Number of protein chains: 4
Amino acid sequence: MERKRYSINRRASFGASVVAMAFTAAGAWAQAPAAIPPDVFPADSEEQRIADLVTANHILADQNVLDSYGHVTVRSFKNPKHFLMSGNRAPALVTADDIMEFDENSMPVDQRGRRVYNERFIHGEIYRLRPDVVAVVHGHAPDVLPFTVTGVPFKALIHMAHFIGSEPAPVFDLEDVEGPNNNMLVLNPKSGEALAKKLGDRNVVLMRGHGMTVVGPNVRRATYNAVYTQVNARVEIEALKLGQPKFLNKFEVQRVGQINRAWDGWADQVKGARR
Amino acid sequence: MERKRYSINRRASFGASVVAMAFTAAGAWAQAPAAIPPDVFPADSEEQRIADLVTANHILADQNVLDSYGHVTVRSFKNPKHFLMSGNRAPALVTADDIMEFDENSMPVDQRGRRVYNERFIHGEIYRLRPDVVAVVHGHAPDVLPFTVTGVPFKALIHMAHFIGSEPAPVFDLEDVEGPNNNMLVLNPKSGEALAKKLGDRNVVLMRGHGMTVVGPNVRRATYNAVYTQVNARVEIEALKLGQPKFLNKFEVQRVGQINRAWDGWADQVKGARR
Amino acid sequence: MERKRYSINRRASFGASVVAMAFTAAGAWAQAPAAIPPDVFPADSEEQRIADLVTANHILADQNVLDSYGHVTVRSFKNPKHFLMSGNRAPALVTADDIMEFDENSMPVDQRGRRVYNERFIHGEIYRLRPDVVAVVHGHAPDVLPFTVTGVPFKALIHMAHFIGSEPAPVFDLEDVEGPNNNMLVLNPKSGEALAKKLGDRNVVLMRGHGMTVVGPNVRRATYNAVYTQVNARVEIEALKLGQPKFLNKFEVQRVGQINRAWDGWADQVKGARR
Amino acid sequence: MERKRYSINRRASFGASVVAMAFTAAGAWAQAPAAIPPDVFPADSEEQRIADLVTANHILADQNVLDSYGHVTVRSFKNPKHFLMSGNRAPALVTADDIMEFDENSMPVDQRGRRVYNERFIHGEIYRLRPDVVAVVHGHAPDVLPFTVTGVPFKALIHMAHFIGSEPAPVFDLEDVEGPNNNMLVLNPKSGEALAKKLGDRNVVLMRGHGMTVVGPNVRRATYNAVYTQVNARVEIEALKLGQPKFLNKFEVQRVGQINRAWDGWADQVKGARR
């Protein structure tokens, strides 16, 4: 059944470079009840994606989802095979001038000697395998980490985190790809592809002893997903100590929430940050 | 016995739109010992309720009780069948201009195209069933969430949280009303009424996998109740790991504390917020 | 053996109103090794005690030891049977103008209509029974609360919290004094005296479902004691989950640390607060 | 086997006073994969070490790794037998003017009446036994403390904390050196040497009921190590509650990460601090 949704998603979002389609992709992500009016986003463009990407960097740092080593990217609007990512900087410090373009092999289009993130293959290989994905967040949130090393299933327990799904989030272990003598980092296309395949059609993949990678149909929803993945982890770890929690069922995880209310609130908290 | 208090409360606060009565309602909430001088509140009015509502939004965001998706409302002073609520915004950003009036069916009196909160039926149906209630807080505090999914009784463990009561707080599960294929949100009067009935004559109702709804006889006490519900959750979850805690007994939960000392302290921390 | 130390303390600090003696009292608190140079404090006076009291209010709020309902007091320098305490305000908001004098029966010397803390008998009765005590902190720190309701022994586990002692901190239950129908607050001299007796010659007494009361030979050390009581609680509760922790032994708890380094650091963080 | 690595480290970093060598030492710390470009540091000098030391004080306070009683030091560039350390101040308040030079016996070269840290022997004896070490952090982070008192092995669980190693971090108990009647502080060369020997060739040594001491080949990496020791503790303590975690293997702990990205992000957060 998962495979089926996977195929559907692939088709539904194949034209992710077209504005309307990009946000239809969000709608196709799951069935939204008529009662909730959909978010109204600014018109999609390369500039808008970069603006949201810079804000997402600041938000994710401010919300303690990303430490200095995390990163967030967006698929290029002009060239959907490419993606946009900051040069090698702590997310809190990223400005629009730091945003660089990377090609389908995760190589910088115009490096000019700038340092780049070593883990960019995480992003590039997910964009290759998941045309519906328009934004990717990769980080090491401490609340999530215990679920990456213990085999305890990580599932949607709270309604805000419906996107995690009712089946356990997949856990990627680099040792399975590169053997015991590995660097704990995804540093090449091969490992990036293995991670992307482990993610499959899901929104969250955990990485053993390392962190999480979270995707979304636009920067704002990927940001939301990353924030509430962390909240779900905090709640689940406490609930597990009390007893056997009741998780969201397979219908409840199909809901779609609004994004802009949270985005606006979080963005307001970082509005003093550099741009 | 609970039913009896419920009836008493209904009578005692039926004239909640009259200033004196509104604060008598607070006194009737439980028996205050003579030794504690009651709070002195500013004269009640529509304007004062709106001013407190805006401050409550800022406080509850600042105290991490409400995330961007929570909301707080107050019964209208002019028309006690109506209530006042912000348009669809993150609580930290709410200003007096955002406050809208909603009728007894939770519909906006004068929408003028403004977006409204989808979960407003939580508030409207509680105001209908509980005339003693003058303010309602609804949120998703992570500390409280484990108690919504595990069946572990949530009771008053610390004196500040006496209002939770010595019997377990009721837990509402939307699945019981709308079946497994539900949105995890209270989006219509029917579910709102079911939630209000689950709350009964209590001050706190938990919502499975979703959060909590907390009420009070005025905005300040509802705010206090929401803050200390969260503190009680934090303490109870740790205490349960140590052993079997001694909860407040049925007399101890009848106490009434002062509100303004905390309100003034919290309000001072958000005094720079927009209005 | 405890009784013996108790008597010694009583004698050693009987002249607590004399500057030199007040700080000798600190020395007598326990045997300081020669290697650690003692703190140099500003000359003792009523004004200095008030200045430190105001700063202590701000520090204890800033360090999350006191919520809006906590309070800190100091014995009067001019009249050692009296003590100084803010009027009824959240600690973060206290200024020198709020400081009032209370007599040996915890009644305000010059009330002039000002609201006072209801729990002032906690302070007054401790000052009566413990001449060595020059400052008292009373609060409801969430980290400490689980130890007040579970019977799990709370002891010095980290060197900074040596003052807690190697025997379990006493736990006061108001129900033992006033019966089941009590207010959870110490509102009269009788309950205050019972609490002071439960404290005995110790530095920390826990209060069931309520909080903690912490004492010291001056405002700065009482502040330090309150902060590190909370840290000890946080560490002990986590350590207990891992296994059986090794607590400080009866010699190790006799150490005396420096205070001013922490005081200066904490004070710097609140230097923008009102005075 | 540990002894062997220990000897190698000694040789590799014997010329730690030479700029190039100091940073070669970092390279020799473990084998860095070719894919990760090494950090580019400013030219080494006494002034640069002091500047980094002041920033490290502010960062470690801001990141809650050091409370007012922690300290961080750096080996002198001009005289590698000496080290540089602030006078007795809370780390958040340290300025370049507070930095003093200490000789190979941990005595101040030019005290001029200034108060010094009593625990400076921790630093001095580690610099004596570990020529590869250029910076030392000593603190009392609450997240780490439970591992110091329970015997539960503390090991690298997350990739950022690889430097902790795949074997349990050693735990130093002052009682083993000074007997039960000890001060819980390392106050003399004998105890300092015992601690340094317990550290051996590792990067982290825990201290029973007291805290941790963390080393690095330069100030920035020691700062990074201290921050992520704390994160590893937070993750491990939660993971242990879920089940048996999978720790990093002996190869994975050999990795070398970049430092400057985190350093720049942390430094930006304290850029308003006094200098």
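The values are calculated or read from the model by the stated rules, or taken from the named source; none is laboratory data. Computed from a predicted structure; not experimentally measured. Note that we place each Cβ from the backbone using ideal geometry, even for glycine, and neighbour counts take in every protein chain shown.
Exactly one residue out of A:V256, A:V231 is assigned to a loop (DSSP other than H, G, I, E, B), in contact with a His (Cβ under 9 Å, 6 or more places away or on another chain) and farther than 17 Å from A:V54 by Cα: that is A:V256. Note on segment A:180-194: residues that are away from chain D (no Cβ under 13 Å) and within 11 Å of A:G124 (Cα to Cα) amount to 1.
Within segment B:31-57, the residues that satisfy the criterion of being surrounded by fewer than 15 Cβ atoms within 10 Å (Cβ to Cβ) and modelled with pLDDT under 50 are B:Q31, B:P33, B:A34. Taking the listed residues D:V137, D:V149, the one that is under 16 Å from D:N225 (Cβ atoms) and either of a type outside the set (F, W, Y) or under 14 Å from the mean Cα position of the chain (by Cα) (or both) is D:V137, with no other qualifying.
Restricting attention to segment A:99-115, the residues that are out of contact with any helix residue (DSSP H, G or I) (no Cβ under 8 Å at 6 or more places or on another chain) and either within 14 Å of another protein chain (Cβ to nearest Cβ) or in contact (Cβ under 8 Å) with a residue 24 or more places away in the chain (or both) total 8.
Cβ separations smaller than 7 Å between residues 6+ apart or across chains give the following pairs from segment C:184-204 residues that are free of Cβ contacts under 8 Å to residues at least 60 places away in the same chain to residues that are hydroxyl-bearing (S, T, Y) and buried (at least 20 other Cβ atoms within 10 Å of the Cβ): C:V204/C:T229. Residues in segment C:80-92 that are over 19 Å from C:V227 (Cα atoms) and touching a residue at least 40 places away in the same chain (Cβ under 8 Å): 3 in all. Taken over segment B:224-245, the criterion of being more than 19 Å from C:P245 (Cβ to Cβ), touching a residue at least 60 places away in the same chain (Cβ under 8 Å) and facing chain C (nearest Cβ under 8 Å) is satisfied by B:V231, B:R234, B:V235, B:P245. Taking each residue of segment C:148-160 that is within 12 Å of C:F172 (Cα to Cα) and looking for partners that are of a type in the set (K, R) with beta-carbon atoms closer than 7 Å, six or more apart or interchain, yields C:T148/C:R208; C:V149/B:K246; C:V149/C:R208. Residue-level check: of (1) within 10 Å of chain D (Cβ to nearest Cβ); (2) among the hydrophobic types (A, V, I, L, M, F, W, C); (3) part of a loop (DSSP other than H, G, I, E, B); (4) surrounded by fewer than 24 Cβ atoms within 10 Å (Cβ to Cβ), C:L248 misses just (4). Within segment A:89-98, the residues that satisfy the criterion of being in a loop (DSSP other than H, G, I, E, B) and either within 23 Å of A:M207 (Cβ to Cβ) or more than 14 Å from chain D (Cβ to nearest Cβ) (or both) are A:R89, A:A90, A:V94. Summed over segment D:138-163, the residues that are more than 8 Å from every other protein chain (Cβ to nearest Cβ), within 17 Å of A:N181 (Cα to Cα) and in a helix (DSSP H, G or I) give a count of 2.
Residues in segment C:32-88 that are small (G, A, S), part of a helix (DSSP H, G or I) and more than 14 Å from chain B (Cβ to nearest Cβ): C:A51, C:A56. Scanning segment C:235-261 for residues that are of a type in the set (K, R) and farther than 27 Å from C:D39 by Cα returns C:K241, C:K246.
Contact map, segment D:46-69: first residue under 19 Å from C:Q230 (Cα atoms), second residue assigned to a loop (DSSP other than H, G, I, E, B), Cβ cut-off under 6 Å, separation 6 or more or different chains; pairs are D:V65/D:A141; D:D67/D:H140; D:S68/D:A90. The number of residues in segment A:99-137 being assigned to a helix (DSSP H, G or I) and more than 20 Å from A:A196 (Cα to Cα) comes to 0.
Figure legend. Inter-residue proximity from segment D:255-267: first residues facing chain A (nearest Cβ under 8 Å), second residues in a loop (DSSP other than H, G, I, E, B) and of a type in the set (F, W, Y), beta-carbon distance below 7 Å, spacing 6+ or different chains. Indicated pairs: D:R261/A:Y69; D:A262/A:Y69. Look through A:F83, A:F154 and report the one residue that is at pLDDT 95 or above and touching a Lys or Arg at 6+ places or on another chain (Cβ under 7 Å). Result of the check over A:F83, A:F154: A:F83. One residue stands out among those in segment A:158-198 that are touching a Pro at 6+ places or on another chain (Cβ under 6 Å) and surrounded by 18 or more Cβ atoms within 10 Å (Cβ to Cβ): the one that is modelled with the lowest pLDDT, which is A:N183. B:A273 meets all of the listed conditions (1) touching a helix residue (DSSP H, G or I) at 6+ places or on another chain (Cβ under 7 Å); (2) modelled with pLDDT under 95; (3) closer than 19 Å to B:L145 by Cβ but one, namely (3).
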